[in-house]
Amino acid sequence: VNGVEILDDLAARGLIQDCTDRDALQARLDEGPITVYCGFDPTADSLHIGHLTPLLLLRRFQDSGHRAVALAGGATGMVGDPSGRSEERNLLDQATLDANVEAVSGQLRSLLRFEGDEGLDGPPALLVDNREWTGDVGLLEFLRDVGKHVTVGTMLAKESVRSRLSSEQGISFTEFSYMLLQANDFFELHDRYGCEMQVGGSDQWGNITAGIDLIRRRAGATAHGLTLPLLTRSDGAKFGKTADAAVWLDPALTLPYELHQYFRNVDDRDVEQYLLRLTLVDVDDVAAVMADHASHPEERLAQQRLADEVCALVHGEDETNRARLAAEGLFAGSAPTIDALDALRGIVPETEVAATDLEGEESLVDALVASGLCSSRGDARRTIGGGGVSVNGVRQDDSATRLPADALVGGRYVLLQKGRRSRHLLVAD
């Protein structure tokens with residue numbers, strides 16, 4: 001996608017919610033590379049999958065020859081953005097905020113291309129923290145340089161403020177002022193780096209247009225804004241850090257395997273929009289994937305491609321391959337390989353046992369107790385008798401008491417399963 005085609009590509013992906021003046025923006029892109037930024041407030045110690053949409057939007061612009069600026073909001077994160085929220089955020093202490101900024105910055109670095117990165121072809125991305133220009137500014141100076149250019153009427157007209165004013169909780173002056181801080185970020189980036197465009201989720205429209213107005217009033221310059229539709233599930237729920245079943249980018253919070261499985265299991269109604277918005281797969285290729293999927297929906301080809309693409313973007317090819325192997329070990333329906341069981345380490349609970357403990361007439365009963373899947377030998381016998389035990393994916397006879405002769409895979413692993421979901425890996429020393 002080159003600079004001329006980027007807006008058409010975004011439209012084809014369903015990635016344009018609002019745009020200040022698309023014709024004017026297209027004319028500016030026709031002139032040459034533009035600097036575009038998106039801000040990410042460190043309200044948690046990880047970004048979530050909903051952040052991937054705006055972050056990949058920066059990547060799409062960078063891949064089209066433009067300069068991407070990712071802003072970690074060390075200053076704005078101290079205040080909290082009221083946009084899209086029905087209640088006040090809890091304020092973070094400085095130590096927590098600093099740790100969050102460091103964690104979020106690392107995730108931003110991993111998805112954009114910076115100076116010295118392999119594959120960089122065009123302007124390197126920039127990573128900035130708005131504490132750089134906000135941290136030492138006094139209140140009176142800020143009111144004089146920024147506040148006088150923004151009317152209260154304009155701020156009250158923004159949806160993010162209006163919705164909170166009409167609520168029972170209302171809005172604090174702190175959160176009301178957030179719009180000024182973000183508007184000033186856009187102005188400072190315009191002044192320092194020639195940034196002419198800001199992107200964000202649809203709930204950021206008011207903040208973005210406030211920055212455009214500030215640039216026009218203070219610098220007499222034209223700036224542009226574009227917002228994305230918020231990512232939703234088929235039930236209409238929004239992805240987010242505080243939503244149920246949040247999917248994080250930090251592998252310590254959401255394992256790569258869990259991320260991969262999340263997208264392997266998405267609804268058929270969601271898979272096409274996720275392929276378009278959460279991956280870098282060409283639009284035409286997405287159409288081809290969906291055509292194959294429609295021919296063989298039971299194979300879930302689109303979900304497999306989606307899971308592979310998202311996991312590779314966030315965690316890399318090695319972790320994606322491991323996630324696939326782990327799924328093979330759990331769901332293949334045939335005897336798992338040693339590689340598949342090795343990939344399960346860290347994903348399912350495990351217990352080290354002596355190889356000799358896996359022998360004998362009561363070895364299956366003993367293994368179920370040793371793993372913690374059953375609380376006692378009696379519980380183990382009752383569970384086996386109810387047909388609820390599998391070894392390496394093979395359901396055991398309800399009279400079995402010993403492990404199968406070939407239970408030890410590669411001389412190393414036995415995968416036990418109780419019921420549909422409880423699994424445990426025995427590791428022979």
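The values are calculated or read from the model by the stated rules, or taken from the named source; none is laboratory data. Computed from a prediction, not measured in an experiment: that's the story for all the values here. Here the Cβ is made from the backbone with ideal geometry for all residues, glycine too, and neighbour counts use every protein chain on show.
What the table shows:
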item: Where a residue in segment 300-324 is farther than 15 Å from P251 by Cα and its partner, wherever it lies, is among the hydroxyl-bearing types (S, T, Y), with Cβ under 6 Å and at least six apart; result: L306/Y274; D308/T320; E309/T279
item: Hey, E328 of a type in the set (D, E) and farther than 22 Å from R233 by Cβ or not; result: yes
item: Residue identified as touching a helix residue (DSSP H, G or I) at 6+ places or on another chain (Cβ under 9 Å), free of Cβ contacts under 8 Å to residues at least 60 places away in the same chain and either farther than 27 Å from Q107 by Cβ or in the same structural domain as T35 (by TED's automatic domain parsing) (or both) among L139, L214, L127; result: L127
item: Which numbered condition V427 fails, given (1) at pLDDT 95 or above; (2) of a type outside the set (F, W, Y); (3) surrounded by fewer than 15 Cβ atoms within 10 Å (Cβ to Cβ); (4) outside any strand (DSSP E or B); result: (4)
item: Any hit, segment 330-346, residues being surrounded by fewer than 16 Cβ atoms within 10 Å (Cβ to Cβ) and at positive phi; result: yes
item: Segment 104-136: number of residues that are assigned to a loop (DSSP other than H, G, I, E, B) and surrounded by 14 or more Cβ atoms within 10 Å (Cβ to Cβ); result: 9
item: Members of segment 307-318 found to be under 17 Å from L47 (Cβ atoms), in a helix (DSSP H, G or I) and not hydrophobic (A, V, I, L, M, F, W, C), listed by number; result: H315
item: Yes/no for L253 being part of a loop (DSSP other than H, G, I, E, B) and surrounded by fewer than 23 Cβ atoms within 10 Å (Cβ to Cβ); result: yes
item: Subset tally (residues that are touching a helix residue (DSSP H, G or I) at 6+ places or on another chain (Cβ under 6 Å) and modelled with pLDDT of 85 or more) for segment 142-171; result: 2
